[in-house]
Amino acid sequence: MTLPPVPDDLRTPRLWLRRPAVADAPALVAAVNASLPELRRWMHWAQAPLTLEGAQANLHAAAERFETRENLRYHVWNAQGTELLGSSGYHALDWRVPKGEIGYWIATAHTGQGYAQEVAQALTELALGPLAFARLEIRCDPDNTRSARIPQTLGYTLDARFVNDDVRADDPARRRDTLVFSKVGPMADG
């Protein structure tokens, strides 16, 4: 199967999205650890402080998965590339369809400024345009109303609410639901 070319970086009016590099580790550690109180509630991976060594290993693996097109993570930088604001990208990729899911987080110091929506818009346009995805999803906890507003604002359709679909990131003894929003590309074959 021939996979489409994927850009290493994207620009929006205020942001620079670029594929992860091991050199991003100090900036990633700072952004994640400063945002842990907010991220813990929603992200399974954000339950303990990130170490420099852990970030380097994570980024090495992320760069490899980007190269193989298994997972396309982008770091979200300010337009000048001097401050890491968060991370986003495509995961749960299935190139046979093709389809994927957008995930995102923005560092606490930068939330409430529309960055996650700007990133999701850019990734939606790339996926449904040049990458020719047939389906694109955004999933979130129904209690994460700020996150759920993004796909609604971008014209995604709420496909489902999966009841008892997962456990809470910050309390694995409690179950949670998952909202599934989607946008679809043109139908190639019924």
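How many residues are under 20 Å from Leu36 (Cα atoms) and basic (Lys, Arg) when one looks only at the range 137-173?
2
Which members of the range 147-165 meet the condition of being surrounded by 13 or more Cβ atoms within 10 Å (Cβ to Cβ) and either small (Gly, Ala, Ser) or part of a loop (DSSP other than H, G, I, E, B) (or both)?
If the condition is that a residue be surrounded by 13 or more Cβ atoms within 10 Å (Cβ to Cβ) and either small (Gly, Ala, Ser) or part of a loop (DSSP other than H, G, I, E, B) (or both), then Ser147, Ala148, Leu154, Tyr156, Ala160 are the ones that fit.
Which of the strands (runs of 3 or more DSSP E) found entirely inside the range 83-146 contain at least 3 residues meeting this: touching a His at 6+ places or on another chain (Cβ under 9 Å) and at pLDDT 95 or above?
Per the criteria, 84-94, 99-106.
Only residues that are open to solvent by less than 80 Å² (accessible area, probe 1.4 Å) and either more than 19 Å from Trp105 (Cβ to Cβ) or of a type in the set (Val, Ile, Thr) (or both): list them for the range 172-190, please.
Residues satisfying the conditions are Asp177, Thr178, Val180, Ser182, Lys183, Gly185.
Run down Ala61, Ala27 and say which single residue is more than 24 Å from Arg146 (Cα to Cα), in contact (Cβ under 8 Å) with a residue 40 or more places away in the chain and either of a type in the set (A, V, I, L, M, F, W, C) or out of contact with any strand residue (DSSP E or B) (no Cβ under 8 Å at 6 or more places or on another chain) (or both).
Residue meeting the stated conditions: Ala27.
Using the structure shown, decide if Ala173 is part of a strand (DSSP E or B) and touching a Leu at 6+ places or on another chain (Cβ under 9 Å).
It is false that Ala173 is part of a strand (DSSP E or B) and touching a Leu at 6+ places or on another chain (Cβ under 9 Å).
List the number of the failed condition for Gly81; all other conditions in (1) at positive phi; (2) crowded, with 20+ Cβ neighbours inside 10 Å hold.
With respect to (1) at positive phi; (2) crowded, with 20+ Cβ neighbours inside 10 Å, Gly81 is out only on (2).
Does Ala92 fit the bill of being loosely packed, with under 15 Cβ neighbours inside 10 Å and under 15 Å from the mean Cα position of the chain (by Cα)?
Against the criterion (loosely packed, with under 15 Cβ neighbours inside 10 Å and under 15 Å from the mean Cα position of the chain (by Cα)), Ala92 qualifies.
What number of residues in the range 1-54 are outside any loop (DSSP other than H, G, I, E, B) and not aromatic (Phe, Trp, Tyr)?
31
Can you pull out every residue in the range 95-136 that is hydrophobic (A, V, I, L, M, F, W, C), within 20 Å of Arg65 (Cα to Cα), surrounded by 15 or more Cβ atoms within 10 Å (Cβ to Cβ) and over 15 Å from the mean Cα position of the chain (by Cα)?
Selection gives Trp95, Leu131, Phe133.
Return the only residue of Ala46, Ala61 being farther than 18 Å from Glu125 by Cα, at pLDDT 95 or above and crowded, with 17+ Cβ neighbours inside 10 Å.
Ala46
Would you check which residues across the range 107-151 are farther than 13 Å from Ser182 by Cβ and charged (D, E, K, R) and list them?
Glu118, Glu125, Asp141, Asp143, Arg146, Arg149
The values are calculated or read from the model by the stated rules, or taken from the named source; none is laboratory data. Quick caveat: nothing in here was measured; it's all calculated off a predicted structure. Virtual Cβ from ideal backbone geometry, glycine too; neighbours counted across all protein chains shown. Note: accessible area is taken over every heavy atom of the protein model, side chains too, but ligands, DNA and RNA are not part of it. Shrake-Rupley method; radii C 1.70, N 1.55, O 1.52, S 1.80 Å.
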